[in-house]
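Following: one structure in structure tokens, then a few remarks.
The values are calculated or read from the model by the stated rules, or taken from the named source; none is laboratory data. What you are looking at is a predicted structure, and each value in this text was computed from that prediction instead of being measured. A quick note on method: Cβ atoms are made from the backbone with ideal geometry, for glycine too, and the neighbour counts reach across all protein chains shown.
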Amino acid sequence: MTTGADRIDPALRAEALASLLIERGLVDQATMDNFIKTYEQSVGPMNGARVVARAWTDPEYEERLLADGTAAIAEMGFKGPQGEHIVVLRNTPQVHHVVVCTLCSCYPWPVLGLPPSWYKDPSYRSRIVREPRAVLAEFGLELGDDVEIRVVDSSSEVRYMVLPVRPAGAERLSEDELAALVTRDAMVGVAEVAAP
Amino acid sequence: MNAPGGHADPAYLLDSSGPAAPPRDNGELVFAAPWESRAFGLALALNEAGLIEWEDFRRALIREIGAWEAAHPSGRAGTHRQRQGADRSARGGRPCRDARRPPRRPRP
């Protein structure tokens, strides 16, 4: 659609759309605010970090997580939009998964929150497919030639989350302490979890 | 509930260290500008009210992104959202599905 409205500054356009839809009773401000607040405060990579820490310490949970990500994640209480079909991929010293959404910005919201700006960037979305090793190096992750890199494309059908390799030296840490080590980037696959 | 100024309050972006600091997602603001949160809340509210199907929204988003990227080969996502309205030539480009081949998905 090409209309004059497309030329309006996005802030004005968002404001105008919201005002109009609220005025007509199609949406209400409280519902909008509630969604915004939820994703600003309650849903984020700390959820995924808890899932990872549990998988690292509970082999049966890890098995369930890899078999049915959505169900095992819901078990921890993390559900909601964009979490209907989550597939968890386990990284190993030999195989490294990295996630992209080549067409837009599909992302497993219940465990990672909303995607960072680089995840939506056209350059990340195209280059990670063509030259994953170089892009990962730019993120500071140098993988040896013996490590196989698998780039996986999230979509509305399936949203991927990476189960990173548990770092050496973390054997004695509690689940909470482990969760504190896990970063968003490690669960997207552009980083590894650093040793404590 | 929001602070008195709501999301339009500039303090929302400025106070990055005090107790009222904006929530951060691994060091990055979840929403880079107030209008982003407004558009996000609006899309989810419309979906919840049954007025839009999320998949329709996603397809429309993919079309917009693809058209913009076709017209701005070295563009960045940040500028996409700011410039899409100002640049009519962004429309009518090749569909982004043709522009890139998604990688094969492994069977987990």
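Quick notes
- Exactly one residue among A:PRO110, A:PRO115 is more than 11 Å from chain B (Cβ to nearest Cβ) and outside any strand (DSSP E or B), and that residue is A:PRO110.
- For the stretch A:89-107, a residue qualifies if it is within 11 Å of chain B (Cβ to nearest Cβ), outside any loop (DSSP other than H, G, I, E, B) and of a type outside the set (A, V, I, L, M), and the qualifying residues are A:ARG90, A:HIS97.
- Selected residue [under 22 Å from B:ARG63 (Cα atoms) and either of a type in the set (A, V, I, L, M, F, W, C) or in contact with a strand residue (DSSP E or B) (Cβ under 6 Å, 6 or more places away or on another chain) (or both)] from A:LEU163, A:LEU143, A:LEU114: A:LEU114
Let's see how each residue does on (1) at pLDDT 95 or above; (2) of a type outside the set (D, E, K, R):
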| residue | (1), (2) |
| --- | --- |
| A:GLY44 | no, yes |
| A:VAL51 | yes, yes |
| A:ALA55 | yes, yes |
| A:GLU62 | yes, no |
| A:GLU84 | no, no |
| A:LEU103 | no, yes |
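- Residue count for the stretch B:49-60, restricted to those that are within 9 Å of another protein chain (Cβ to nearest Cβ) and farther than 19 Å from A:CYS106 by Cβ: 2.
- Count of residues meeting criterion [surrounded by 20 or more Cβ atoms within 10 Å (Cβ to Cβ) and of a type in the set (A, V, I, L, M)] in the stretch A:150-178: 6
- Boolean, A:ILE86 is surrounded by 15 or more Cβ atoms within 10 Å (Cβ to Cβ) and more than 10 Å from every other protein chain (Cβ to nearest Cβ): yes
- The stretch A:1-75 holds helices (runs of 4 or more DSSP H) entirely within its bounds, and those carrying 2 or more residues that are out of contact with any Ser or Thr (no Cβ under 6 Å at 6 or more places or on another chain) and within 11 Å of chain B (Cβ to nearest Cβ) map to A:10-23, A:29-37, A:45-57, A:59-67.
- Verdict on B:ILE52 being within 16 Å of A:ARG125 (Cα to Cα) and modelled with pLDDT of 90 or more: no
- Residue check, B:ARG63 more than 8 Å from chain A (Cβ to nearest Cβ), modelled with pLDDT of 85 or more, touching a Cys at 6+ places or on another chain (Cβ under 9 Å) and under 21 Å from A:PRO115 (Cβ atoms): yes
- With respect to being among the polar types (S, T, N, Q) and either touching a Gly at 6+ places or on another chain (Cβ under 7 Å) or more than 15 Å from A:ARG54 (Cα to Cα) (or both), A:SER174 falls outside the description.
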